[in-house]
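The values are calculated or read from the model by the stated rules, or taken from the named source; none is laboratory data. These numbers come from a predicted model, not from an experiment. Every residue, glycine among them, receives a Cβ derived from its backbone with ideal geometry; neighbour counts consider all protein chains shown.
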Amino acid sequence: MQNLTALSLKTELGKLYVLDQTLLPQQQKWLLCQTVAQMIGMIKALQLRGAPAIGIGACLLLAYRASVGESREQLLQDAEVLRAARPTAVNLMNNLDSMVIALQQADFKGAAIACAEHLFAEDVALCQRMAEFGAGLVQDGEQLLTHCNTGGLATAGVGTALGVINLAHQQGKNIRLWVDETRPLLQGGRLTAWECQQLGIPYQLICDNMAAMLMARGQVDRIFVGSDRIAANGDFANKVGTYSLAVLAQYHQVPFYVVAPHTTVDLACTDGSAIPIEQRHADEVRGVSGGFGSAIWAPEDAPVFNPAFDVTPAALVTGWVLDSGVYSPADIAAGVLQQFNN
Ligand code: MRU
């Protein structure tokens with residue numbers, strides 16, 4: 001396997017390493033990943049997270065397992081088990097579908113390695129194209145807002161929504177970014193803030209419940225978010241809290257864009273109600289934990305509702321920034337997503 005390097009995944013001398021995102025920004029620790037159980041554990045714990053990154057990580061692990069002599073039958077079983085690691089991001093299932101086709105080739109070992117390397121390189125290219133299409137929407141001097149983490153940590157490339165924002169910044173547009181903290185797991189406060197610092201993007205961190213006030217004051221010109229799955233009608237799932245931002249954006253007439261590669265489109269879901277939503281552990285809401293330590297402030301047994309994602313209806317979206325262009329509500333209503341039969 002080639003040596004590959006992304007912000008959260010790398011291969012060196014044929015071995016796969018995952019950056020433990022639960023420890024960021026306090027620590028940068030790379031974890032060696034050699035077994036399916038380790039990969040599933042890392043995905044479930046969000047040590048490896050972000051829709052494109054989990055799909056590519058799972059396929060790199062299968063390529064590694066093929067390279068150390070695992071049988072085709074075992075690899076096919078492993079692919080099925082990996083598919084269930086997280087339910088919402090369809091990139092995982094789409095990438096594993098590609099890997100299963102590779103595993104059916106006569107030279108399944110070579111094909112598995114080539115497939116994982118291709119998915120990695122493809123995601124780098126898709127991120128770059130989304131960034132170019134999306135950055136074209138951003139005007140000099142705008143104040144932008146984003147939710148969760150959609151940067152290099154979540155993909156093999158420059159990211160989805162944060163890739164757009166970073167390119168607009170690199171183009172010399174005098175942008176400022178509001179970063180939603182993103183409760184309960186703080187992907188904005190821990191990861192996007194860290195990436196913005198690395199990239200030199202001028203940003204300010206806010207608690208999720210501050211976005212409404214900023215919009216009311218005219219301090220948000222445009223919102224970019226990522227997605228874990230886009231249904232055929234343009235409804236999409238993303239980190240919980242995205243839907244409330246979209247409602248606020250419509251009320252305040254702030255343009256609201258979703259940025260995702262075509263590997264995030266799932267035509268099997270006719271609308272957002274068909275997207276499976278992952279429910280996570282109650283302690284994530286009862287308190288916080290991470291590289292900074294942990295604290296539970298709610299009563300130990302407080303009943304909790306903890307969906308990891310919510311669904312934003314297409315009616316609230318100004319534009320879908322995909323790797324092939326920016327699509328309007330009229331494009332989506334005309335069925336433009338039908339071409340993305342992943
Ligand atoms: O639970 P996470 O941190 O994996 O959620 C990630 C998101 O919701 C991102 O916005 C989404 O994966 C798109 S990122 C390229």
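When 162, 191, 185, 167 are checked against the criterion of being more than 10 Å from the ligand (Cβ to nearest atom), hydrophobic (A, V, I, L, M, F, W, C) and not assigned by TED's automatic domain parsing to the domain that holds residue 87, a single residue qualifies: 167. In the range 139-159, the residue that is nearest to residue 228 (Cα to Cα) out of those that are more than 10 Å from the ligand (Cβ to nearest atom) and outside any loop (DSSP other than H, G, I, E, B) is 145. Please determine whether any residue of the range 272-282 is touching a Cys at 6+ places or on another chain (Cβ under 8 Å) and either at pLDDT below 95 or among the aliphatic types (A, V, I, L, M) (or both). Among the residues of the range 272-282, at least one is touching a Cys at 6+ places or on another chain (Cβ under 8 Å) and either at pLDDT below 95 or among the aliphatic types (A, V, I, L, M) (or both), which makes the answer yes. Residues in the range 10-22 that are touching a helix residue (DSSP H, G or I) at 6+ places or on another chain (Cβ under 9 Å) and either part of a loop (DSSP other than H, G, I, E, B) or more than 16 Å from the ligand (Cβ to nearest atom) (or both): 11, 14, 15, 16, 20, 21, 22.
Restricting the range 48-69 to residues that are over 13 Å from the mean Cα position of the chain (by Cα) and not in a helix (DSSP H, G or I), which is nearest to the ligand (Cβ to nearest atom)?
Residues of the range 48-69 that are over 13 Å from the mean Cα position of the chain (by Cα), as a first pass: 58-69.
Within this subset, residues satisfying the condition of being not in a helix (DSSP H, G or I) are 68-69.
On the way: 68: 28, 69: 32 Å.
Residue satisfying both the conditions and the ranking: 68.
So which pairs qualify, if the first residue must be in the range 198-211 and assigned to a helix (DSSP H, G or I), the second must be aromatic (Phe, Trp, Tyr) and crowded, with 17+ Cβ neighbours inside 10 Å, the Cβ gap must be under 9 Å, and the two must be at least 6 apart or on different chains? Pairs found: 210/178; 211/178.
Evaluated against (1) free of Cβ contacts under 8 Å to residues at least 12 places away in the same chain; (2) in contact with a helix residue (DSSP H, G or I) (Cβ under 6 Å, 6 or more places away or on another chain), residue 159 falls short on exactly one condition, (1).
Of the strands (runs of 3 or more DSSP E) entirely within the range 228-282, those holding at least 2 residues that are aromatic (Phe, Trp, Tyr) and buried (at least 16 other Cβ atoms within 10 Å of the Cβ) occupy 256-259.
When the residues of the range 309-329 are narrowed to those that are within 14 Å of the ligand (Cβ to nearest atom) and not acidic (Asp, Glu), which ends up surrounded by the fewest Cβ atoms within 10 Å (Cβ to Cβ)?
The initial filter retains those residues of the range 309-329 that are within 14 Å of the ligand (Cβ to nearest atom), namely 309-312, 320-323.
Next cut, not acidic (Asp, Glu) only: 309, 311-312, 320-322.
Values: 309: 27, 311: 22, 312: 26, 320: 24, 321: 27, 322: 27.
Ranking the qualifying residues of the range 309-329, first place goes to 311.
Quick grid of which residues meet (1) in a helix (DSSP H, G or I); (2) out of contact with any Lys or Arg (no Cβ under 9 Å at 6 or more places or on another chain):
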| position | (1), (2) |
| --- | --- |
| 77 | yes, yes |
| 86 | no, no |
| 91 | yes, no |
| 95 | yes, yes |
| 100 | yes, yes |
| 113 | yes, yes |
| 117 | yes, yes |
| 121 | yes, yes |
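Condition test on residue 298, is it among the hydrophobic types (A, V, I, L, M, F, W, C) and more than 16 Å from the ligand (Cβ to nearest atom)? Steps first, answer last, please.
Details: among the hydrophobic types (A, V, I, L, M, F, W, C): yes; more than 16 Å from the ligand (Cβ to nearest atom): yes.
The answer is yes for residue 298.
Residues in the range 283-306 that are hydrophobic (A, V, I, L, M, F, W, C) and under 22 Å from residue 86 (Cα atoms) were compared, and the one that is surrounded by the fewest Cβ atoms within 10 Å (Cβ to Cβ) is 305.
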